[in-house]
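The values are calculated or read from the model by the stated rules, or taken from the named source; none is laboratory data. All values derive from a computational prediction rather than experimental measurement. In this analysis, Cβ positions are derived from the backbone assuming ideal geometry, glycine residues included, and neighbour counts consider all displayed protein chains.
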Amino acid sequence: MTTLAEPPVEPALDVRTFLLGDEGPAALRERLRDAVDRDSADRPEVTRALRRVADEQLAEVAAGFLDVDLGATAVAGWRLHGQLRDAARETAATPGLTTIVELAEHRMTSTWRPRIDIVLGPTTLAHLAFELAVTFDIVGLHASVTAGRLTRLGGGRGQLEAAFSFGGQRLVERRAPFDAHLSVRLGPGVPLLGVPEPRAAPSVVEAAVEETHAPR
């Protein structure tokens, strides 16, 4: 398990950059290989097959699960906040109305559980289960809502924590200061009603293992 440095979150940041920085998949490769070895220690035939794809495919595919926009994730959490939902409905029904909502200290957590299936010919050798958890702890946020859209943020300092695990083993985690006002881009306004949850990469990805034969 590795905890990375803690500079403040930058605007328009995704989880992949937040957790891995400039290293990208290279930051996961050795940790993931060791975690896979431990997870399949009692299945040597699986370990051998996984070794053949670990360096080439697993880290790259696993890093793809982290392509989640942090600003969109925060907005998805606020979309569930009762006060903001009430303000969105009210302002959507009243043209020209802007409501400023003062939000108390609150926590928002989003969790994804993607999987990689390791396939050899017609046989699935292993299911590699991952978990990505993102938590925002925010205090002192006030939000402006117009026409059902989140149009402005003020204050909202707090902490952001993200953790990426495989098979219950923590691969990488980080906790850093989070300033909602600076870190969430709203553009012309973000709709608070009827917005889909932000998604990570596809929930199940197949990684093929090529069958090899020793020369006769």
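Loosely packed, with under 15 Cβ neighbours inside 10 Å, over 22 Å from the mean Cα position of the chain (by Cα) and among the small types (Gly, Ala, Ser): is that true of residue 154 in this structure? In short, yes. Scanning region 127-147 for residues that are buried (at least 21 other Cβ atoms within 10 Å of the Cβ) and either modelled with pLDDT under 90 or not in a strand (DSSP E or B) (or both) returns a single hit, 128. Within the bounds of region 119-130, is there any residue that is among the aliphatic types (A, V, I, L, M) and under 16 Å from residue 76 (Cα atoms)? No, every residue in region 119-130 fails to be among the aliphatic types (A, V, I, L, M) and under 16 Å from residue 76 (Cα atoms). When restricted to residues that are in contact (Cβ under 8 Å) with a residue 12 or more places away in the chain and surrounded by fewer than 12 Cβ atoms within 10 Å (Cβ to Cβ), region 110-125 contains 2. With the requirement that a residue be within 12 Å of residue 146 (Cβ to Cβ) and not in a loop (DSSP other than H, G, I, E, B), what does region 94-104 give you? Once the filter is applied, which keeps residues that are within 12 Å of residue 146 (Cβ to Cβ) and not in a loop (DSSP other than H, G, I, E, B), region 94-104 yields 98, 99, 100, 101.
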